[in-house]
Each structure stands twice: as C-alpha cells, then as structure tokens.
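The values are calculated or read from the model by the stated rules, or taken from the named source; none is laboratory data. Just so it is clear, the model here is predicted, and its values are computed rather than measured. Using ideal geometry, Cβ is built from the backbone for each residue, glycine included, and neighbour counts are taken over all protein chains shown.
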Amino acid sequence: MSLEGRVALVTGGSRGIGRAVVGALANDGAKVAFVYNSNAEAANEVVAAVEAAGGECRAIQADVKSKEDADRIIEDLVESWGSVDIVVNNAGIIRDGLLAMMEPDAWEAVISTNLTSVYNFCQAVTRQMMSQRYGRIINMSSVAASVANPGQANYAASKGGVEGFTRCIATELARRGITANAVAPGFIETDMTEAVVSAAGSEIKKKIPVRRLGTPADIANAVLFLAQEQSSYITGQTLTVDGGLTLGGI
C-alpha cells in the first residue's frame, strides 16, 4: 500500500465524490479524516465502511467556510496522528441561476464553500507540510471552469478560482516537496448533479465520447494518483476527468 503511514484529510467526505475519495485513500493505506457539514448518519456510514475494510477513519463535523474550524482541524490531526500529509479540498455546492436573477446569497454561498474553503485548509496546513518537506494538495475543480454553462456564473467563478489558486500555491510550495494539483470532473453521477443529469437525459451521454457518465470512483482514482509519492513531478496542473466531454467535435 503506497500511502501506508500517511495521514489524509478530505473535505466534503460523507457522500458522492468525497466518500469515494475517502475510501480510495484508506484502501491504499492512509489514515483518513474527513469533514462533513450536517449529515451525521451518512458520515458514520463512511467511517463504518472504512473500518470494516480494515482502515482507520475519523469524521469531523465542521463548517468549511470557517477559517477557525480549518485551523482547529489541522491542529488536532497533527496532535493526534502526527502529521497531515494529504489534503483533498472536495467540499462544494451549486446554487444555479441566471445572473439577472441571482441573489447575493447564492453568489456568496458558492464562492465561500467552493473557493474560500480551499484557502482555509491550504493555508492552515501549509506550515506543517513545509516543516516536514512533504505534502500533497488536491483541489476539486470542474469542467465548468473552462466551459460556459448558462446559469452557473457563481459556480464557474469558484472553480476557475480554484484552478488559479492551485497554480499559484504550486509555485510557492514546490521547493518544499509539496505538490498542488486540481482535478476537474465532468458529468459525474452524484446527488449534487442528479437534477442536471435528469433534466438533460440521454443527450448528455451523446456529448461524451466514452458514451457514459462518470462515477465517483473515476474521480477518486485520479485523486489517488495525485496523492501518491510517485506523482512528485506533477504540480500546478488540472487533471480533467470527463470522458472526453471537453474535447469537442463529437
């Protein structure tokens, strides 16, 4: 197991992509803690599944928009598990709406959850990673950062910000043995995308060269690759996992 002895933290780990990421990291040998917002039942299910498979897992209820919560979580994990080697910033929401009708609350909620939370946890863990001269930071973006979707100005802005942020910190941290990369999913079958996928129906699959929607496991596998020591020469990149959706021409 290539992540044996490593400690990982995943935000938004109780469902969908985050849940798959937690499982993948734990199966590869890492101790995994994850942050969830409010669904304690779902969080407990994730912990139970990891432990049943022989892994070590911890669920932490917190607000990812809170810098104080992020600082506390990193501090507690370093104190109890000795380090935080991998951070996966996965927490995200959508509040779609055309710009003319978009309320300030919808803008602020998406930017704070999807982008500010990335700053919160990256900033909280940076000094610890720098001192140990090792770290893997993986931030969740989206193909929406580069493909215009009407009604998603707030979401696209948050994910575009994630990619720019990731490139900048990659240059700052590279000399300390820390990589920072983003993963950009396409259409993935999750609770969050269910409404979008249902509305578009089979037309979405026709636009995807591999002719299927992605699964949370598809994204978890990409995250796992970037989390491993063997990915040390990859930093500041966005790995698009979309079945060829953004290639165009098909």
Failed item, numbered, when residue 146 is tested on (1) within 19 Å of the chain's Cα centre (by Cα); (2) modelled with pLDDT of 95 or more: (2)
Which condition number does residue 63 fail, the rest of (1) part of a loop (DSSP other than H, G, I, E, B); (2) under 24 Å from residue 4 (Cβ atoms); (3) of a type outside the set (A, V, I, L, M) being met? (2)
Within the group 133, 127, which residue is touching a Gly at 6+ places or on another chain (Cβ under 9 Å) and modelled with pLDDT of 95 or more? 133
Determine whether region 180-195 contains at least one residue that is in contact with a helix residue (DSSP H, G or I) (Cβ under 7 Å, 6 or more places away or on another chain), surrounded by fewer than 22 Cβ atoms within 10 Å (Cβ to Cβ) and part of a helix (DSSP H, G or I). no
Residue 1 passes all but one of (1) at pLDDT 95 or above; (2) farther than 22 Å from residue 109 by Cα; (3) part of a loop (DSSP other than H, G, I, E, B); (4) hydrophobic (A, V, I, L, M, F, W, C); which number fails? (1)
Going by the conditions given, is residue 80 modelled with pLDDT of 95 or more, among the hydroxyl-bearing types (Ser, Thr, Tyr) and either within 16 Å of residue 219 (Cβ to Cβ) or under 18 Å from the mean Cα position of the chain (by Cα) (or both)? no
Complete set of residues in region 76-92 that are buried (at least 17 other Cβ atoms within 10 Å of the Cβ) and in a loop (DSSP other than H, G, I, E, B): 83, 84, 85, 90, 91, 92
What number of residues in region 121-144 are closer than 21 Å to residue 184 by Cβ, part of a helix (DSSP H, G or I) and out of contact with any Ser or Thr (no Cβ under 7 Å at 6 or more places or on another chain)? 2
Cβ-Cβ below 9 Å, separation at least six or inter-chain, first residue in region 1-26 and under 16 Å from residue 222 (Cβ atoms) and among the β-branched types (Val, Ile, Thr), second modelled with pLDDT under 95 and surrounded by fewer than 21 Cβ atoms within 10 Å (Cβ to Cβ): which pairs? 17/190; 17/192
Please name all residue pairs, on different chains or six or more residues apart, with Cβ atoms under 7 Å, provided the first residue is in region 208-223 and is more than 23 Å from residue 3 (Cβ to Cβ) and the second residue is part of a helix (DSSP H, G or I) and modelled with pLDDT of 90 or more. 208/245; 209/247
